[in-house]
Amino acid sequence: MQPAMDFLIKEEKVFSGGLSCRGCGWSLLVRHLSSILGENTVYVVPASCFSIIAGPYPLNELRGSVVHTIFAAAPATATGIRHALDRQGKKDANVVILAGDGGTFDIGFQSMSGAASRGENLIYIVNNNGAYMNTGIQTSTATPYGAVTTTNPQSNYKKTWPKDLMGIVGAHNIPYAATASLAFMQDYRRKIQRAKEMEGFRLLMIDGPCPPGHKVDPSQSIAVSRLAVETKMFPLFEIERQQYTVNYIPEKFVPVEECMRPQGRFRHLFKPENKQILQDVQKHTDKYWERLLAMEKLTHELNIFED
Ligand SMILES: Cc1ncc(C[n+]2csc(CCOP(=O)(O)OP(=O)(O)O)c2C)c(N)n1
Ligand SMILES: [Mg+2]
């Protein structure tokens, strides 16, 4: 067991005065990330809320370099930066992409897949807040089933399941992919450290609280993130060259409703006529969890995964 205070930031690498909303995951995520990666880091930022939070050039919220780039091509931009730094002998500099779910699951998907397939030496951070938040909460392929967004309003709430990004990324056979939650800070910090020490394409997907987008009180950001893990709606796991490891097994069964009730984007599902939808979400969540445990068991039992 690590000491309880292990998640405190020892050296702050983010200036005060960031432009995030109260309770935003982006800020907390980047504060911890930058405190571990240090100043010898280039952050490559495609269009997202973090483009605003980091500030427009020449302003910069971070101690490190920030390169703003187009929505569809952050991994391509980062590839160029990585290779230029390597040619200059600066191999110890970290090159890190900070992208949203829209920029990863949808618009930058091809660029991410290309960089992963080429084995580029990059760290890719996805802040999955489940919609295009910066432009006003439009649906992405990461948006959860049943959620209301501005492109899926009222009874036209989202009726498709989110894309299994981790499954797709893992299938690229990269050295490291992991999910993380800001409510499980020691686990998150361990995963950043782990990614930092490795080489090649590494990806962390963080469950991103977004009070205005999820219609949650800002003070409840972390509590709802914790419930996402406890209900297994956002499981914590790692994939190393296709070998799965589940990092946290909830002690008791917590129904998905517990995590959905505090989020206004799911309010309509609590009407009696929508009871079936909640059951469907529970079923889908249980199925994904069982599949995850099966993948863990299978890939650990098969010796082919050990070097
Ligand atoms: C090609 C292109 N299309 C649309 C936009 C407008 N735009 C800027 S940020 C953004 C939303 C980003 O969503 P996501 O990647 O999920 O990040 P978040 O804002 O949620 O952090 C959009 C649509 C853009 N900048 N470029
Ligand atoms: Mg988003």
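Every read-out reported here was derived from the displayed coordinates using simple, explicitly stated rules and does not represent laboratory data. Since this is a predicted model, take the numbers as computed values, not measurements. Don't worry about glycine lacking a Cβ; one is built from the backbone with ideal geometry, like all the others, and counts go over all protein chains shown.
Under 17 Å Cα to Cα from residue 275, which lysines show up? Leave out anything in the same chain fewer than 8 places away.
Filter leaves 158, 159, 283.
Using DSSP to call loops (not H, G, I, E or B), can you name the trypsin sites (Lys or Arg not before Pro) in the range 109-195 whose Cβ has at most 14 other Cβ atoms within 10 angstrom?
159
Quick one: putting +1 on the C-beta of Lys and Arg, -1 on the C-beta of Asp and Glu, what dipole do you get for the range 12-305 around its Cα centre, in Debye to the nearest 20?
Charge dipole, the range 12-305, about its Cα centre: 260 debye, nearest 20.
Along the Cα→Cβ direction, 7 angstrom out, place labels at residue 91 and residue 159. What is the inter-label distance in nm?
The modelled label-to-label distance comes out at 5.5 nm.
Straight-line reach from residue 91: which lysines fall under 23 Å, measuring Cα to Cα and dropping same-chain residues less than 8 apart?
13, 191, 196
Give me the angle, in degrees from 0 to 90, between the Cα long axis of helix 275-301 and the longest principal axis of the Cα atoms of the chain, rounded to the nearest 10.
The helix 275-301 is inclined about 50 degrees to the chain.
Would you calculate the separation in nanometres between label points at residue 40 and residue 251, each defined as 7 Å from the Cα along the Cα-to-beta-carbon direction?
Label at residue 40, label at residue 251, 4.2 nm between them.
Find how much the distance from residue 270 to residue 215 grows on full extension, using 0.36 nm per residue of separation minus their present alpha carbon separation; answer in nm with one decimal.
18.3 nm
First check a/c for the range 12-305, with a ≥ b ≥ c the square roots of the eigenvalues of its C-alpha gyration tensor; if it is under 1.5, answer rounded, and if not, answer prolate when a/b is larger than b/c or oblate otherwise.
Since a/c reaches 1.5 but b/c is at least a/b, the shape of the range 12-305 is classed as oblate.
Which angle from 0 to 90°, rounded to the nearest 10, does the C-alpha axis of helix 109-118 make with the longest principal axis of the chain?
50 degrees
What relative contact order, as a whole-number percentage, does the range 12-305 give when Cα pairs under 8 Å and 6 or more residues apart are counted?
Taking the mean separation of contacting Cα pairs over the length of the range 12-305, I get 16 percent.
Taking R0 as 22 Å, what's the FRET efficiency between residue 168 and residue 9 from their Cβ-Cβ distance, rounded to 0.05?
In this case the efficiency is close to 0.10.
Tell me, in nm to one decimal, what length is gained between residue 52 and residue 286 on full extension, where the rule is 0.36 nm per residue of separation less the Cα-Cα distance?
80.6 nm
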